[in-house]
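Have a look at the structure below before the remarks.
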Amino acid sequence: MEDQGKRVKGLDPARAENLDACIKCGACTAQCPVTAVYPLFPGPKSMGPDAERLRLAGVALTPDCLSYCTNCKTCEVTCPSGVRVTEMLLRAREQEKEAKTRLTGRRRNVRDYILGRAEHLGRLGTVWPALTNAVLRRKTTRRLLEKSIGLSARAPLPLYSQKFRHRDKSSPLRELLRGDGIPDPAARIVYFPGCFITYNDAATGQAVVKVLEHNGFEVIVPEFHCCGVPLTTNGHFREAVANAVHNLALLQPYLEEGIPVIASCTSCGLALKDDYPRVAAPGAERVGAQTYDFFEFLWELHNRGDLREDFQAVPVSLAYHAPCHLKAQGIGTPAVRILRLIPGVKVLELDAGCCGLSGSFGFKEEKYNLAQQIGSSLFSRVQTGMEEKKFQGVVTECGGCQIQIAHGSGAETVNPVWLLAEAYGLKGKS
Amino acid sequence: MMWDGIIIGGGLAGLVAGIRAQERGKQVLLISEGAGSLTFAAGVLDFGRMEELQAQENHPYALLGEQAVRDAFRYLIGLCPVYHGEWGRPQAVLTPLGMLRQADLVPFRLDASPLAGAREIILMAPEGLKDFFPEVVKTNLQKQFPGAAVRLQRLRVEEFTNWHRVGKPVPATVYAKFWCTRQGALTLQNLLQETALEVRSGLNPVMVIPGLSSAFCPGLAQTLDKAPWPVVEVTSFPPSPAGQGLYETLKEEFRALGGELLIGSGVGRVEIESQAVRRVIVKSRGKETAFAARAFVLATGGLFGRGITVSPTEVREAVFGLPLYVPAEWSGSAFLGEQPYARTGIAVDDRLRPRHPISRELLLTNVHVAGRMLAHWDPWLERCGGGVSLASGFLAGELL
């Protein structure tokens, strides 16, 4: 009864408190990259806190523009009052889906189903990457994909690599065979590579592992599923939770031992830190505190005096783009701090906002142009900087940002781990 | 790692403190709960009446002294050369409603002085510009410049057709961003040429354009330089293109000097040992992140910046829980007159370190307070917000 009373009055305390923190200043809408380019999107304030009042009172607003929220979380980063605006929008989408009040075109449903499952695509794509890439590079394929399911023919789809594999030296079997008891947890580490590394950029994953091994860690990579962020942003909330439960089950034994979890993808990292602790499954209570962004972890090592700093000089000037989901983690820009430890490396922070791709948002036919418009400030800053020879390339942790920046500006864009690998003399070593 | 300085707060005072400290070779981290309040400022800076304010006991100007405020004035022009101003000679700028107001440091082209000699004023009215009321502005211009004929010239750009179709107003920052693109500048150039055919130069025409800020956009500035008559811009309601421009410029400068910005997650708690702050703990996602520094700047703003929070039982400084000076009487009867609550804030010594408001005892030895958080001043009545924030921010940056 009490529960029902709460629902009727809309007094779910956590949600009400989150809502009451909003002082209606409108900073979120002023900074929202989508609102600035898409007039049909009322903006985070209207669709978040404003509409939340009604939603809490049981009035469901179902504007079909909810799917235009890219989940970049700029609104949450901008908010001076800590309101979880994006979360409100995502939950509204979930409610909308459950109520089935709105059905978008079938073919786009199919597309969103597919894009939400980068992992399934990845498994297919990495069976024979060269063939997949050859097919995906064909204009006719792309036109067909646009016509059939609404996948933009111009979008920078990532190519597939050989699947990322890591010889797990600490599988339960090996541990038994080794018979030396439980190894020092401080020297072991779990790596959550994420779909982009696993299916599209295995080499970068290997570089991450090598850097960690160079620092004396034994790296463990369980058979994780996708972290769930693409599922959430494509409206498949239940499946996202299922993935989280699966991954938590794999993580739990390591979490109990106090072993840190490293994510090199900033979106996977954010999910592990921020979404997983709210999933009802064992391990959820530890995963937030034990997950580190890869560079955040290296910085912790540096602070403790445990980072190997036997760097060779790498004379290069680079521009750094901070991915939106790194900003949302609230840890600053540890990659920049680490890169500046390497002699010769010069880093200029771009600070030109979201790249626009937002995972799979920019792959969609009706959103491709918006994504390019959102990223236009960033692209022009990159192009100007390259023309003026201020830097020779771009680094950013997020795989999506990498392909979008390369697509929009033409500049070579890679993960900053490559600088470290080079400074350590690990590049090309296997 | 031990930072040389950590600045809490990303508004005018915090950013200037950060830039100054980086210039001095310090390693600085700036932590801000959200985007700083400059995104809401008009972008013009007030300094107020130095002599009067300096005479007030405890006023930040009395503490800082005239020379420090004058230095800060010049310092900002050095940082952002697009700002113009002469000490003690305020300029006129147009409010969003077309009234004249005074300001001391003004991005070029916001200076409204060309209007004084005009016999024709062409008021450009971009279609659907948010919070812009062309008829009101026209009427106000006509009243203030009776010697000029004010003509309203509506303009429409294809870019925003979709916005107009759904009846959604276009924010000034969105219009400004468009004018700032190559295509936008070209569109404006064509519009100016079309308009030129109808303008008689003998009437000393002046064009007023709202919803842009050419000072922060070199390409656009070039286009407007080529206009055959002076162009005067208009300050904007929030979010304002000039305020945004100043914010971006200062952030870029801070970063270029090697400073790090952590925007989006505020300080959750602090560790204090024998009257000195050792570490601030940021509410990162998933876990807390601790940052240690030798010295700290508190520039979190006042009531509106949420550096000070108010509940029915308590007025609280949000980060360190420092005791505040709170006037006995909160409000005054004249709505736009003296409102004592505006003077709420932290009392400080000459090194901007927090003191107890009554006992005057020094509270923290390695914290410097800057900007709106300082006690004993009123930015609205005294119109000295820019001056206090710049001068105290600059000094805090010197002291880090």
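Assorted remarks:
- For chain B, dividing the convex hull volume of the Cα atoms by the residue count gives 165 Å³ per residue.
- Chain A - percent relative contact order, Cα under 8 Å, separation 6 or more: 14 percent
- Between B and A, buried accessible area from a 1.4 angstrom probe totals roughly 3100 Å², ignoring ligands, DNA and RNA.
- Surface exposure of the range A:309-423, expressed per residue as accessible area with a 1.4 Å probe, stands at 32 Å².
- Judged by the gyration tensor of its Cα atoms, with axes a ≥ b ≥ c, the range A:309-423 is prolate; a/c meets the 1.5 cut and a/b is the larger of a/b and b/c.
- Within the range A:346-413: Cβ-based charge dipole about Cα centre, in debye rounded to nearest 20 (Lys, Arg +1; Asp, Glu -1): 60 debye
- Take the Cα radius of gyration of the protein assembly as shown and divide it by 2.2 N^0.38 Å, N being the number of residues; the result is 0.98.
- Above 15 Å, the calculated P(r) of the range A:2-99 contains 58 percent of its Cα-Cα pairs.
- Shape category assigned to the range A:293-353 from the gyration tensor of Cα positions, a/c cut at 1.5: oblate
- Within the accessible area of chain B (1.4 Å probe), percent carbon and sulfur: 51 percent
- In the range B:273-294, the residues whose accessible area drops by at least 10 square angstrom when the other protein chains are added to the isolated chain are B:Ser284, B:Arg285, B:Gly286, B:Lys287, B:Thr289, B:Phe291; the probe is 1.4 Å and only protein heavy atoms count.
- Estimated 222 nm signal from helices in chain B, with DSSP H stretches of n ≥ 4 weighted -39500 (n - 2.57), rounded to 500: -8500 deg cm²/dmol
- Toward the positive end of the charge dipole of the range B:247-392, with +1 on the Cβ of Lys and Arg and -1 on the Cβ of Asp and Glu, the farthest Cα among B:Pro357, B:Gly259, B:Trp380 is that of B:Gly259.
- Sequence of A:Lys364, A:Lys346, B:Lys138, B:Lys130 when ordered by accessible area, the most exposed leading, probe 1.4 angstrom: A:Lys346, B:Lys130, B:Lys138, A:Lys364
- The contact residues of the range A:300-334, meaning those that lose at least 20 Å² of 1.4 Å-probe accessible area when all protein chains sit together rather than their chain alone, are A:Asn303, A:Ala328, A:Gln329, A:Gly330, A:Ile331, A:Gly332, A:Thr333.
- Using C-alpha pairs below 8 Å separated by at least 6 residues, the relative contact order for the range B:241-359 is 12 percent.
- Highest-MSF residue in chain B out of B:Glu23, B:Glu33, B:Glu271 [GNM, Cα springs under 10 Å]: B:Glu271
- Listed by chain and number, the aspartates and glutamates whose C-alpha is less than 17 Å from the C-alpha of A:Lys97, apart from same-chain residues fewer than 8 away, are A:Glu52, A:Asp64, A:Glu87, A:Asp112, A:Glu239.
- Computed P(r) (all Cα pairs; chain A; 20 Å bins; percent): 24, 58, 17, 0
- Nearby lysines by direct alpha-carbon distance to A:Lys389 (threshold 17 angstrom, same-chain neighbours under 8 apart not counted): A:Lys346
- Rounded to the nearest 20 debye, the dipole size of the range A:309-423 about its Cα centre is 220 debye, using +1 on the Cβ of Lys and Arg and -1 on the Cβ of Asp and Glu.
The values are calculated or read from the model by the stated rules, or taken from the named source; none is laboratory data. Computed from a predicted model, the values in this text were never measured in an experiment. Here the Cβ is made from the backbone with ideal geometry for all residues, glycine too, and neighbour counts use every protein chain on show. Just the protein is used for accessible areas: all its heavy atoms, side chains included, with ligands, DNA and RNA removed. Shrake-Rupley method; radii C 1.70, N 1.55, O 1.52, S 1.80 Å.
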